[in-house]
Amino acid sequence: MNHTLNCKGKLLSLEHPLVMGILNVTEDSFYDGGRYFGDEKKYLARVEQMLNEQADIIDIGAMSTRPNALELPEEEELKRVKEVITNIVKHFPDTIISVDTWRSKVAKSAVDVGACIINDISGGEFDTEMFATVAALKVPYVLMHTSARPQLMQQYTHYEDVVKDIFKYLSKRLQELYALNVSDVWIDVGFGFGKTIDQNYELLRNIKTFSLLDCPIVLALSRKTMFWKYLNISPEEALYATLAAESYALMQGIQIVRVHDVKAAKQTIQIIEKIKNTGNK
């Protein structure tokens, strides 16, 4: 595996796990939807906070992809993404920005104004131009598994073997990307996207299996349903459960955590690294 990622000339080392901080500029994301929507001052303050807490990447999402979320018109997503990324680059020019979109036009526009990573929840399935766009842009791409669009995905949770099936799917899509000379691919098993609660935990328990794909693994399970529904709490109360799961995955060697809580994730990484390295000669 390449231990250095090239993001439009900015190098990211995977010697230590990275933290991808989430910024949702949506009305209806499951945890922070509406907090930063349409408010430049608030979302810039949030970016500044995450950077001060040592976020390595800021992941911008302009359209909610929670279960049953409605699709935003493409022009509206484009407008939001371009405005937010342009403002972030203006105020924090060294920020490494990821765009969370499954639309190739949005991805290209985001990269044109300053993003350098494309984070696609659909694995290139919702927009047939996405893989070709990624190949042309030559930026890192997060390849994620989902069973269907957000409105329908929780109706499609049947797998012969959830770990084997998703491994095979990601392997197949990786080969398609490699055939297009896309070399910087990160993988995400898609916690909560077309999986039952038990299937999410089966994937987490076996997360190390996916290292056989020889790609950086993005762990994106911050405050998700698999915690708060299982524990009968709210997303606001799901930080401790998130950190427990992240700790387990970090012990298995995952390289990138996508989180709402940057400071907590950074401290978790520091402790796990200390546990793993103390006494090693």
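Computed quantities for the displayed model
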| read-out | value |
| --- | --- |
| Any hit, the stretch 156-165, residues being touching a Gly at 6+ places or on another chain (Cβ under 8 Å) and either within 25 Å of residue 9 (Cα to Cα) or not in a loop (DSSP other than H, G, I, E, B) (or both) | no |
| Candidates 48, 71, 76, filtered to the one that is modelled with pLDDT of 95 or more, of a type outside the set (S, T, N, Q), surrounded by fewer than 18 Cβ atoms within 10 Å (Cβ to Cβ) and at negative phi | 48 |
| Residue satisfying condition, being polar (S, T, N, Q), modelled with pLDDT of 95 or more, touching a strand residue (DSSP E or B) at 6+ places or on another chain (Cβ under 8 Å) and not in a loop (DSSP other than H, G, I, E, B), within set 242, 209 | 242 |
| Residue tally, condition assigned to a helix (DSSP H, G or I) and either without any contact (Cβ under 8 Å) to a residue 40 or more places away in the chain or among the polar types (S, T, N, Q) (or both), over the stretch 245-271 | 8 |
| Qualifying residue in the stretch 176-187 (condition: more than 29 Å from residue 135 (Cβ to Cβ), touching a helix residue (DSSP H, G or I) at 6+ places or on another chain (Cβ under 8 Å) and not hydroxyl-bearing (Ser, Thr, Tyr)) | no |
| Out of 80, 149, sole residue that is in a helix (DSSP H, G or I) and of a type outside the set (A, V, I, L, M) | 80 |
| Number of the exception - residue 229 against (1) closer than 23 Å to residue 149 by Cβ; (2) without any contact (Cβ under 8 Å) to a residue 24 or more places away in the chain | (2) |
| Filter result for residue 110 (farther than 25 Å from residue 209 by Cβ and in contact (Cβ under 8 Å) with a residue 12 or more places away in the chain) | yes |
| Residue 128 vs. criteria under 14 Å from residue 173 (Cβ atoms) and at pLDDT below 95 | no |
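Conditions (1) surrounded by 21 or more Cβ atoms within 10 Å (Cβ to Cβ); (2) of a type in the set (Ser, Thr, Tyr), marked per residue:
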position	(1), (2)
99	yes, no
115	yes, no
125	no, no
135	no, no
143	yes, no
148	no, no
152	no, no
156	no, yes
163	no, no
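The values are calculated or read from the model by the stated rules, or taken from the named source; none is laboratory data. These numbers were taken from a predicted model, which means no experiment stands behind them. Using ideal geometry, Cβ is built from the backbone for each residue, glycine included, and neighbour counts are taken over all protein chains shown.
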